[in-house]
1. Tell me the helices (runs of 4 or more DSSP H) entirely within segment 33-144 that contain at least 2 residues that are within 12 Å of the chain's Cα centre (by Cα) and surrounded by 16 or more Cβ atoms within 10 Å (Cβ to Cβ).
2. All but one of (1) farther than 21 Å from residue 113 by Cβ; (2) surrounded by 15 or more Cβ atoms within 10 Å (Cβ to Cβ); (3) at pLDDT below 95 hold for residue 22; which doesn't?
3. Would you check if residue 9 is part of a strand (DSSP E or B), touching a helix residue (DSSP H, G or I) at 6+ places or on another chain (Cβ under 6 Å) and either at pLDDT below 95 or more than 20 Å from residue 130 (Cβ to Cβ) (or both)?
4. Residue 4 - would you say it is at pLDDT below 95 and either assigned to a strand (DSSP E or B) or under 21 Å from residue 126 (Cα atoms) (or both)?
5. Among the listed residues 14, 62, identify the single one that is closer than 30 Å to residue 136 by Cβ and modelled with pLDDT under 95.
6. Just to be sure I understand, how many residues within segment 107-132 are in contact with a helix residue (DSSP H, G or I) (Cβ under 7 Å, 6 or more places away or on another chain) and without any contact (Cβ under 8 Å) to a residue 60 or more places away in the chain?
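The values are calculated or read from the model by the stated rules, or taken from the named source; none is laboratory data. Quick caveat, the model's predicted, so the values are computed rather than measured. Note that we place each Cβ from the backbone using ideal geometry, even for glycine, and neighbour counts take in every protein chain shown.
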């Protein structure tokens, strides 16, 4: 089995989260392989940009997931070990690359229902709670300095 180390983003725009639909018909989050000599966090930002055209910034680490699948191109099992980051963007524009059939920003509750994998459903739920708390703290910090 091949083990691939990956990084990805749970990208929020207000109360919406970015999802993509892959060629297997699975709704998922943007992610990809960490290239040699690339740091996890910069890889996550790059993969989000490469797959969706979205410029996002990291707020905090979201967690880690692992899953296995059969690679049609390699004709063997692959295990993806993914480090996730909570990200935000100030624009809800996106442009999907050719690997994806659909995508966009969806209200969090709707997105959780759409996601194919239970690990990602939990990840979005927990990340959104952290995201709201981070935003609230940033607003309060901004008010305290004015």
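1. Values: elements: 40-52, 108-114, 118-144.
Because the criterion is at least 2 residues that are within 12 Å of the chain's Cα centre (by Cα) and surrounded by 16 or more Cβ atoms within 10 Å (Cβ to Cβ), the helices (runs of 4 or more DSSP H) in segment 33-144 that meet it are 40-52, 118-144.
2. (1)
3. Details: part of a strand (DSSP E or B): yes; touching a helix residue (DSSP H, G or I) at 6+ places or on another chain (Cβ under 6 Å): yes; either at pLDDT below 95 or more than 20 Å from residue 130 (Cβ to Cβ) (or both): no.
Judged against the criteria, residue 9 is not a match.
4. Values: at pLDDT below 95: yes; either assigned to a strand (DSSP E or B) or under 21 Å from residue 126 (Cα atoms) (or both): yes.
Taking the combined requirement at face value, the residue satisfies it.
5. Working: 62 fails: modelled with pLDDT under 95.
Unique residue meeting the criteria: 14.
6. Of the residues in segment 107-132, the ones in contact with a helix residue (DSSP H, G or I) (Cβ under 7 Å, 6 or more places away or on another chain) are 108, 111-112, 115, 121, 124-125, 128.
Then drop every residue that is not without any contact (Cβ under 8 Å) to a residue 60 or more places away in the chain, which leaves 112, 121, 125.
Matching residues across segment 107-132 total 3.
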